[in-house]
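So the structure is just underneath, and the comments pick up after that.
The values are calculated or read from the model by the stated rules, or taken from the named source; none is laboratory data. Being a predicted model, the structure only gives us computed values, none of them experimental. Cβ coordinates were reconstructed from backbone atoms using ideal geometry, including for glycine residues, and neighbour counts include every protein chain displayed.
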Amino acid sequence: MKYMTIVRQALACLVVGAGLFGPVVRAADAIAQVGAQAGAAQQKPTGAPQPWLRGPSDLPSHPEPRIGRLPNGLTYVIFQSPAPRNTAALRLIIHAGSMQERDDQRGLAHFVEHMAFNGSKNIPEGELTKILARHGFQFGSDANAFTTYDNTAYVLDLPNTDAETVDTAFFILRETATNLTFAPDAIDRERGVILGEERVRATPASRIAEEVGALAYKGQLYAERRPIGLTDIIKNAPPKALIDYYRTWYRPELATLIIVGDIRTAEIEAKIAATFGDWRGEGPSPAPVDPGAYVPKGTVAYVFADPNFPEALTLRWSRPALDKPDTFEARRIGIAKDVAVSVLNDRFARRAREADSPFLAAALVYANNRLTVNSTSLNVTPKPGKSHEALTEAVRLYHQFKAFGVTEEELNRMKVARDTLNVNTLAADRSRQHATLMTNIVYAVLQGRVYMSARQVNDLWTQVRPGLTVEAVNTQIAFLTGGDGPFIVRSGPTREAFEPAAITAAYAAAEALPVEPFVAVAAKDWPYPDFGVAGAVVKTEVVKAYGMTQYTYANGLKVNIRQTRYQSSRVLVSVRMAGGRMLFSPHEKVSLVPVMLYNLPGGGLGKLSSSEISKSLSGRTYSVKYTLGDDEATLNGTTTTIDFPLQMQVLMAYYSDPGYRPENFDNLKLSVATSLRLMKSNPNAMLSLGALSYLNADDPRMVFPTAESFAAVTNDHVKGLIERTLRDVPIEITIVGDISHEAALEAVGRTFGTLPSLPKTYRIARDADRMKLPTDRTPRVFTHQGRADQAVSFLAFPTTDLYRDFHDSRGLDLLARIYAARLKDEVREKQGATYGVTVSHNPSEVYKGYGYIGVTTTVRPEMDEAFYRTALSIAADLRDKPVTQDELDRARLPVLEGLEQSERTNGYWYTTLPNLLADTRRQDFIRDRPAQYKAVTVADIQRLARLYLLDKTVLRLKVVPETAGKPDGEGKSTQP
């Protein structure tokens, strides 16, 4: 059980100050399945390949993709790529989104995207998900879709490239493009799903984005066309309205089909012609939409007040959007802008780490949105109560940058960083993955840019680099710091603390402050190149079953190495210190959450601060992250083949001499305090916090401290807890990637191999190896302060740990998938009561007997009881009647496809190999995983449902609006 993940996910979704301008609303609905194949008359494509440009270019286009256009106007891109083998990625992009809606259609672009999964001419409603599952697609990840302001994209990631799967995928996309049926009853059911999505996304952050967007883009269409649309239109739009939008904009000349993967170009090109060649739009092609011109506003301030919203400031300078061809000169200018922005953000980051900084973070963002404006934004996260001071300091640094530009030292450092980036990109390109290629191609398509290879990009940089002088960069600073504005937005719990007039006055005063030239501090030498006499290997064990070798050093250090070619020049390394939470007794009544959130790298090293480290190691590739797990603490890093020796020095330095600078922890406490306040407005975040302790029977180690108690935690206290996880425990290092055993052992021997003798075991603290679910079945109720129509329901059916019975563990995985499919079909598709349902099997690898099947959904508060009854009814049906063989196969095939693909990644082996040879249970469990899943029968599914999906054992947790009060007969309403 990775409890830390729950905490990090809860906090990660609450990045303060983000998204004030121009949010893109994703509509992440999974495409489901398809039935029979459909053919079309063979037709050869004609017409010259078309670059994705709105004008001429002198850039060389990548020679590899086949770019063509059918006579009907459909543009297609075919890119043959061998990794991962036997797989491919497909995207159908309709170049129309919410910006193409009329006033009476607001929300229908997104609505049409939803309806793509609710029946078409040749696919009955409800069949799409089933057929895709029969071809091995993972629901939600391999099949998806999203709607933005000017595009709607349909996503299919093919688990294999056999003819049947490819034909099925093409057939689905053709059905999506031309044959959706828009049955009235299906539309009515989907209204509830979309309204559920609107509820999920209705947060203070979305409200501020909407309010600020209406002001910033006043007079422009963008301000009025959020992809989610208007609830009244979603509730009442007749079928004809959706059909009108669909027929108007779903046309071949407004579509691009992209396929990247282990395919044969000629065969795919023929399939495209056969499948899409007879696609014709109805009537004349619609005229392009006029987005409207930006209206200058001068210096103006706006305040968004919400009791739970943290302090944040955004200053924005705007210019008319640039819409120019993608040329060498445009890219040269773009590189100079990137360097300028990077220099200032480096200054901001260094200032934020200083103890007397009034802000937690600040960053400059340059963007060119052809739908709105070309802009420069300064985003600032003040420390609590320091908004005025943060604004003054950020503006001072900004105007210093504007007045004096970059220094030669900073420019050279950024050039070296770009050199390293290009070297790494070139190396990675030798083992390029479908996902990376598809991302880059889609970006080129949507932005009207030339797609260039890593080699071409590097060649471009080689030409630009000599002319990238201080003067050239400063010229772009003049552009970046010009424009209308600033338009200043402040968010916070109250309006009065810093109201608009005071903000504009503070800005004017800060702008008038005298500024001195920036003085760059010379980089210090890296002080950790040598740790003593290198250790020697005394034992070697080759394990062919896992393609690895384990080496043991004289000091007892164990090192697992698996050399791979999955990603050229990429190496992953983890240093595993055994023990983790097992070193802490629950009887100590100490929360480990501060340790789980602690940013160890942020505290620097004994001899260098984190700012000094980044400058000393500029241009090098390394990383470091500390994590605390159930029975381990780890230091993790990602590096390149060349920089692997440095990576080991960095990890050893953080192990042997972490800095623990108090300002680092002080900033964390301030961030947590503001995040906890914002979490109160987010039901899902409150669920994460509540479940963290609830699912562990309020074990003190896993209880999230209150804001007050977190503020009372000291840096020395956390330091003591972390040090306990690092010292006097066995250490095992795992290295996976493109590196020879000899090179890896050399670097390890000179770092961790120099340590004195390590213990072979560690002592488990009293009762630290015990974890349990709550025994009290009374529903636990938490409250939130968000919208009154938002609630989250959570159920947990207790099961057991991962290793108690291997066969049953695989069966429970499949049972959870079957349960999820049935719940989704009933609650979302038939009832239209929610946007989504998640069911997961969560067995512990460490705590004996601990595990559960968790069920989560977002509903209206008054629908919670109905969802609960539905969930129990479906559980009862799984107990009472056997599932069909087809249902079991549909749950199992995506798992089998995923297993095959996972073993061809560094990530799988990186997480699998640590402690593997010392744990025979895990070895047995991962041995021949496909056979274990294939052995699960229909009878097993019913037996497991009867054993675990029981009404009398189910645990229930809910998050309801604070204003709703406590339902009668239920447990105490509380806050985590």
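In this structure, is residue 268 assigned to a loop (DSSP other than H, G, I, E, B) and either under 32 Å from the mean Cα position of the chain (by Cα) or at pLDDT below 95 (or both)?
no
Restricting to region 581-604, what's the tally of residues that are touching a residue at least 60 places away in the same chain (Cβ under 8 Å) and assigned to a helix (DSSP H, G or I)?
So the answer is 14.
Filter region 353-388 for residues that are farther than 24 Å from residue 291 by Cβ, within 25 Å of the chain's Cα centre (by Cα) and of a type in the set (A, V, I, L, M) and give the result.
The answer is 360, 361, 362, 363, 364, 378, 380.
From (1) in contact with a helix residue (DSSP H, G or I) (Cβ under 7 Å, 6 or more places away or on another chain); (2) assigned to a helix (DSSP H, G or I); (3) closer than 18 Å to residue 396 by Cβ, pick out the condition that doesn't hold for residue 473.
(3)
Please verify whether residue 412 is under 23 Å from residue 340 (Cβ atoms) and of a type in the set (S, T, N, Q), treating the condition exactly as stated.
Considered against the rule, which asks whether it is under 23 Å from residue 340 (Cβ atoms) and of a type in the set (S, T, N, Q), residue 412 comes out as yes.
Residue 545 - would you say it is assigned to a loop (DSSP other than H, G, I, E, B) and small (Gly, Ala, Ser)?
In short, no.
Across region 306-323, what is the total count of residues that are assigned to a strand (DSSP E or B) and either under 26 Å from the mean Cα position of the chain (by Cα) or of a type in the set (D, E, K, R) (or both)?
5
When the residues of region 632-667 are filtered to those that are of a type in the set (S, T, N, Q) and under 20 Å from residue 595 (Cα atoms), which remaining residue is nearest to the chain's Cα centre (by Cα)?
So the residue we want is 636.
Here's the yes/no breakdown for (1) within 30 Å of residue 677 (Cβ to Cβ); (2) crowded, with 18+ Cβ neighbours inside 10 Å; (3) of a type in the set (A, V, I, L, M):
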residue: 424; (1), (2), (3): no, yes, no
residue: 452; (1), (2), (3): no, yes, yes
residue: 493; (1), (2), (3): yes, no, no
residue: 507; (1), (2), (3): yes, yes, no
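How about region 354-376: which of its residues are surrounded by fewer than 20 Cβ atoms within 10 Å (Cβ to Cβ) and outside any strand (DSSP E or B)?
354, 355, 356, 369, 370, 371
In this structure, is residue 254 of a type outside the set (Lys, Arg), over 30 Å from residue 510 (Cβ atoms) and touching a Phe, Trp or Tyr at 6+ places or on another chain (Cβ under 9 Å)?
In short, no.
Read through the list (1) surrounded by fewer than 19 Cβ atoms within 10 Å (Cβ to Cβ); (2) touching a residue at least 40 places away in the same chain (Cβ under 8 Å); (3) of a type in the set (A, V, I, L, M); (4) part of a loop (DSSP other than H, G, I, E, B), then give the number of the only condition that residue 263 fails.
(1)
Show me the strands (runs of 3 or more DSSP E) found entirely inside region 55-165 where at least 3 residues are buried (at least 20 other Cβ atoms within 10 Å of the Cβ).
Those strands (runs of 3 or more DSSP E) span 75-80, 88-94, 143-147, 152-158.
Find the helices (runs of 4 or more DSSP H) located wholly in region 608-703 whose residues include 2 or more that are of a type in the set (Lys, Arg) and at pLDDT below 95, and list them.
662-679
Kindly provide the set of residues from region 374-421 that are touching a Pro at 6+ places or on another chain (Cβ under 7 Å) and either not assigned by TED's automatic domain parsing to the domain that holds residue 318 or not basic (Lys, Arg) (or both), ordered by number.
Matches in region 374-421: 374, 382, 389, 390, 393, 404.
For region 827-840, does any single residue satisfy the condition of being touching a residue at least 24 places away in the same chain (Cβ under 8 Å) and assigned to a strand (DSSP E or B)?
Scanning region 827-840, I find at least one residue that is touching a residue at least 24 places away in the same chain (Cβ under 8 Å) and assigned to a strand (DSSP E or B), so the answer is yes.
With region 720-822 as the region, which strands (runs of 3 or more DSSP E) entirely inside it contain at least 3 residues that are within 30 Å of residue 205 (Cβ to Cβ)?
Of the strands (runs of 3 or more DSSP E) lying wholly inside region 720-822, those with at least 3 residues that are within 30 Å of residue 205 (Cβ to Cβ) span 780-784, 791-798.
Restricting the search to region 170-224, which residues are part of a loop (DSSP other than H, G, I, E, B) and within 27 Å of the chain's Cα centre (by Cα)?
The answer is 202, 203.
Which condition breaks for residue 590 when tested against (1) of a type in the set (A, V, I, L, M); (2) surrounded by fewer than 23 Cβ atoms within 10 Å (Cβ to Cβ); (3) farther than 26 Å from residue 711 by Cβ?
Here residue 590 clears every test but (3).
Given the conditions (1) hydrophobic (A, V, I, L, M, F, W, C); (2) within 18 Å of residue 716 (Cβ to Cβ); (3) in a strand (DSSP E or B), and given that residue 572 satisfies all but one, which numbered condition is not satisfied?
Result: residue 572 passes all but (2).
Give the residues of region 482-507 that are of a type in the set (Phe, Trp, Tyr) and either under 12 Å from residue 302 (Cβ atoms) or in contact with a Lys or Arg (Cβ under 7 Å, 6 or more places away or on another chain) (or both), sorted by residue number.
487, 498
Those residues that are surrounded by 21 or more Cβ atoms within 10 Å (Cβ to Cβ) and either in the same structural domain as residue 794 (by TED's automatic domain parsing) or among the acidic types (Asp, Glu) (or both), I need them from region 675-698; list them, please.
Within region 675-698, no residue meets the criteria.
Quick one: residue 274 ticks every box in (1) among the aliphatic types (A, V, I, L, M); (2) modelled with pLDDT under 95; (3) out of contact with any Pro (no Cβ under 7 Å at 6 or more places or on another chain) except a single one, so which number is it?
(2)
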